[in-house]
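What follows is one structure encoded as structure tokens, with my remarks underneath.
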Amino acid sequence: MTPITIRIQTEPFDLGAETQALRAGRLEIGAIASFVGLCRDHHPGISGPGHVQAMELEHYPGMTERAIAEMVRAAQSRWPLLGITVIHRVGRLLPGDDIVLVLVASSHRVAAFAACEFLMDYLKTQAPFWKKETTPQGGQWVDARESDDAALRRWGVDSGNAV
């Protein structure tokens with residue numbers, strides 16, 4: 001049985017503590033790949049530094065966790081994984097704050113890296129989160145980007161037909 005942790009929370013997470021929890025007493029793990037997404041103060045190519053003053057992340061409780069669990073099952077069907085942790089924050093975040101953590105454990109690095117990247121591509125396009133940025137012009141909802149959909153398609157998945 002692969003240990004899976006999925007949490008949606010307002011409070012910050014601790015990368016070191018979460019990594020230790022995933023690997024504690026697990027001598028069969030040979031690799032853990034991690035991704036930490038951060039709140040930026042701008043959009044490269046769209047706005048300059050300091051433009052984004054805060055971000056509000058909303059979700060639909062229950063539905064969001066189920067969608068992430070389906071993404072995790074899809075990753076498990078593709079790679080031999082030994083553990084997965086997905087933590088996503090909601091609420092008001094400031095530039096520099098951690099937003100999301102994905103940890104993937106496997107016997108070997110190839111599966112861990114691939115599954116971690118796969119899960120992030122899914123999270124960016126399929127997880128039911130809504131982002132509203134506070135800028136000098138006021139609050140504005142953030143639309144999905146074509147580059148995120150393209151990242152998901154490289155896994156052979158159409159964003160309109162995912163999981």
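Quick notes on this one:
- Residues (assigned to a loop (DSSP other than H, G, I, E, B) and surrounded by 14 or more Cβ atoms within 10 Å (Cβ to Cβ)) located in region 74-94: Trp79, Val90
- Leading residue by the ranking (nearest to the chain's Cα centre (by Cα)) among those in region 108-128 that are open to solvent by 30 Å² or more (accessible area, probe 1.4 Å) and closer than 18 Å to Ala74 by Cα: Lys124
- Evaluated against (1) in a strand (DSSP E or B); (2) more than 9 Å from the chain's Cα centre (by Cα); (3) closer than 23 Å to Gly30 by Cα, Lys131 falls short on exactly one condition, (3).
The values are calculated or read from the model by the stated rules, or taken from the named source; none is laboratory data. Quick caveat, the model's predicted, so the values are computed rather than measured. Glycine gets a Cβ as well: all are built from the backbone with ideal geometry, and neighbour counts include every protein chain shown. Keep in mind that these areas ignore ligands, DNA and RNA; they rest on the heavy atoms of the full protein, side chains included. Shrake-Rupley method; radii C 1.70, N 1.55, O 1.52, S 1.80 Å.
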